[in-house]
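Participant: Take a look at this one; I'll ask things after.
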Amino acid sequence: MSEQHLPRWLVWAADPEQARRARFLARSPLFVGLPRRLLARLAPRFFEKTYRPGEIVFQEGDPGRALFVVVEGAVEITQATTQGEYVLRTLGPADAFGELALIDDSPRSATARVATPARLLILYKSDFDALMDGNARIAVVVMRNLSRLLAVYARRVPVLAIDPGPPPETPGPP
Amino acid sequence: MKPGRLLAWGGLAALAWLARGLVLPVFLAAMLAYLLSPAVAWADALAIRRSVAVGALYAVLIAVLVVAGFLLGPGLLAETSAVMDRLPGLAQQIDVGLDAAVRELAESAPALRRLLPEGGDWVQRFVLNRGLGEPSDLFEHMGHLFLLAILVPFFSFFLLRDIHRLSAVIMERLPPQHVETSVAVWRELNGIVGRYIRGVALDSLAVGGLAALGLWAARVPYPLLLGAFAGLANVVPFVGPLLSAAAAGLVVVLTPGQGLAGVGRVVLLFLTLKILDDTIIQPFAIGRSVHLHPALLLGSVVVGNHALGVLGMIIAVPVATVLQETARLLLEHRRVLARRDLRRHPGRLVV
């Protein structure tokens, strides 16, 4: 991937780790459609961390400040209900989660727990914002992919009967 | 605490005390690394190995310094040696002027006589005691500067080359609950500090270059030296621009044939530079993301001067900015966590 950008005489200087990471990111639904040049710019911004089974990546209600991409292993996204914990999804390699943190600082809406030994790529919002400042194309592609993912989530969620709540109090005579 | 851990902490503290002399070079090296990091990030994006990228960057930097030294060095050296040669004479000239002013003041207002300083040759004494000092002091200062000139690029090289490896090791050892808390704050701070330091450097370069050009156009002697001084002094808020304007004004006053018109040109030049800096250069280079309260600005400069002299005055504002931004981000983070705890335990009062 990225080595191909280098002239032949400079191939010896290529960093295989960065090239591997950029190749891997191209498979993630969140980064589909990003040109190789921009994937190569994105790849060094990620941190990598190994997690053990049962470790919590983040908890429901935590401030969201990073996006995670599964490199190896499985991660469960769960939500606490009155009946107990409910597993919403189990994510595998190339799946991304916590992506809403790239949009705002709202608290996490679910908990992410590592199911099998896992390696995750981590992209902090501040690093992503800095990258977007100089590359509008990254912002456009990632936000378009993010909208698609959100549309998929929205269609999956069953239609809920929304309780409109008590009617607003009508002011009485003074 | 376990005895082993206590011993390790004690050993670390002793090591830190022994290596306290390295704090300044490492701090300056970190600043240089922040300045050069965009070039390394650019090489990262091309998937070039860090060692190759940093090595090439240093080669380019050395080449640029050699060319700059070749172009500007002789002029700067000639101006410096001319100033050093003329310094005693200049100091004497200033003292004569000051003596005359003090005498005139004492004659016109005898009541003030008690308040006026005794003796004369103030500037000459200052130049001898503080400026040049004893030859041994001069050699010591030169030795320190030489050591800094070697150590700062050396440490900076390794910081640029290995910081990602160090970060990866720390990240692997970090408990998962810190990944989205402490590291996120550190990443944000890293971005702010990097932008600020690069902005200040760009601002100083622009102000120094424009001052040198303006002084050369205004036919003021020593334009390169005064321009370099204006660029460096520009880092010190309020005081810096005043000092550089005063230095240029003094040179004009003491140069035969310049007269009041020369002083007027210098004042106009530095006023224009200040307005340009405040309205165009600074907003472009630094932006408005970091803002220190004027009282904090001045306070940090005073503390910096007290701790490390001129160097302290130069690095005071970046250090104060880092401290202020760290405090702001940590407080913001604490507030977010407090809101989360309040949501999880609505009955509990979270302070």
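The values are calculated or read from the model by the stated rules, or taken from the named source; none is laboratory data. As the structure is a prediction and not an experimental result, all values here were calculated from the model. Every residue, glycine as well, gets a Cβ built from its backbone with ideal geometry; the counts of neighbours run over all protein chains shown.
Participant: Testing B:Leu268 on (1) modelled with pLDDT of 85 or more; (2) surrounded by 16 or more Cβ atoms within 10 Å (Cβ to Cβ), one condition comes back false. Which one is that?
Facilitator: (2)
Each row is one residue, and each column tells you yes or no for (1) within 14 Å of chain A (Cβ to nearest Cβ); (2) within 20 Å of the chain's Cα centre (by Cα); (3) of a type in the set (Lys, Arg).
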residue	(1), (2), (3)
B:Leu12	no, no, no
B:Leu18	no, no, no
B:Gly21	no, yes, no
B:Leu24	no, yes, no
B:Tyr34	yes, yes, no
B:Asp44	yes, no, no
B:Ser51	yes, no, no
B:Val54	yes, no, no
B:Ala63	no, no, no
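Participant: Give me a count of the residues in segment B:41-91 that are without any contact (Cβ under 8 Å) to a residue 40 or more places away in the chain and farther than 30 Å from A:Leu39 by Cα.
Facilitator: 21
Participant: Here's a follow-up. Out of everything in segment A:27-53 that is surrounded by fewer than 18 Cβ atoms within 10 Å (Cβ to Cβ) and in contact with a helix residue (DSSP H, G or I) (Cβ under 8 Å, 6 or more places away or on another chain), what residue ends up being farthest from A:Leu91 (Cα to Cα)?
Facilitator: A:Arg37
Participant: Right, something else. If you take the residues of segment A:11-61 that are more than 8 Å from every other protein chain (Cβ to nearest Cβ) and among the aromatic types (Phe, Trp, Tyr), which of them is nearest to B:Asp44 (Cα to Cα)?
Facilitator: Top of the filtered list is A:Phe46.
Participant: To continue, here is another question. If I ask for residues that are in a strand (DSSP E or B) and either in contact with a Lys or Arg (Cβ under 7 Å, 6 or more places away or on another chain) or buried (at least 17 other Cβ atoms within 10 Å of the Cβ) (or both), which ones from segment A:89-98 would you list?
Facilitator: A:Leu91, A:Ala96, A:Phe97, listed by residue number.
Participant: Among the listed residues B:Leu61, B:Leu87, B:Leu71, which satisfies the condition of being surrounded by 14 or more Cβ atoms within 10 Å (Cβ to Cβ) and modelled with pLDDT of 85 or more?
Facilitator: Answer to the check: B:Leu61.
Participant: From the residues in segment B:197-221 that are touching a Pro at 6+ places or on another chain (Cβ under 7 Å) and surrounded by 21 or more Cβ atoms within 10 Å (Cβ to Cβ), which one is farthest from the other protein chains (Cβ to nearest Cβ)?
Facilitator: Among those residues, the one meeting the criterion is B:Leu215.
Participant: OK, next. Can you tell me which of (1) closer than 22 Å to A:Ala136 by Cα; (2) aromatic (Phe, Trp, Tyr); (3) in contact with a strand residue (DSSP E or B) (Cβ under 6 Å, 6 or more places away or on another chain) is the one A:Phe31 doesn't meet?
Facilitator: Every condition holds for A:Phe31 apart from (3).
Participant: Quick check on this structure: which one of B:Val236, B:Val263 is buried (at least 22 other Cβ atoms within 10 Å of the Cβ) and β-branched (Val, Ile, Thr)? Step through it out loud before you land on a result.
Facilitator: On the way: B:Val263 fails: buried (at least 22 other Cβ atoms within 10 Å of the Cβ).
That would be B:Val236, the only listed residue that is buried (at least 22 other Cβ atoms within 10 Å of the Cβ) and β-branched (Val, Ile, Thr).
Participant: Got a sec? Which of B:Val290, B:Val317, B:Val303 is surrounded by 15 or more Cβ atoms within 10 Å (Cβ to Cβ), modelled with pLDDT of 80 or more, more than 14 Å from chain A (Cβ to nearest Cβ) and in contact with a helix residue (DSSP H, G or I) (Cβ under 7 Å, 6 or more places away or on another chain)?
Facilitator: The match here is B:Val303.
Participant: Could you please find all residues in segment B:7-53 being closer than 17 Å to B:Arg161 by Cβ and assigned to a loop (DSSP other than H, G, I, E, B)?
Facilitator: Within segment B:7-53, B:Leu46, B:Ala47, B:Arg49 qualify.
Participant: When the residues of segment A:116-147 are filtered to those that are touching a Pro at 6+ places or on another chain (Cβ under 8 Å) and away from chain B (no Cβ under 14 Å), which remaining residue is farthest from A:Leu39 (Cα to Cα)?
Facilitator: Within segment A:116-147, the match that is farthest from A:Leu39 (Cα to Cα) is A:Thr116.
Participant: Here's something else I'd like to know. State whether the residues of segment B:45-53 include one that is aliphatic (A, V, I, L, M) and on the phi > 0 side of the Ramachandran plot.
Facilitator: yes
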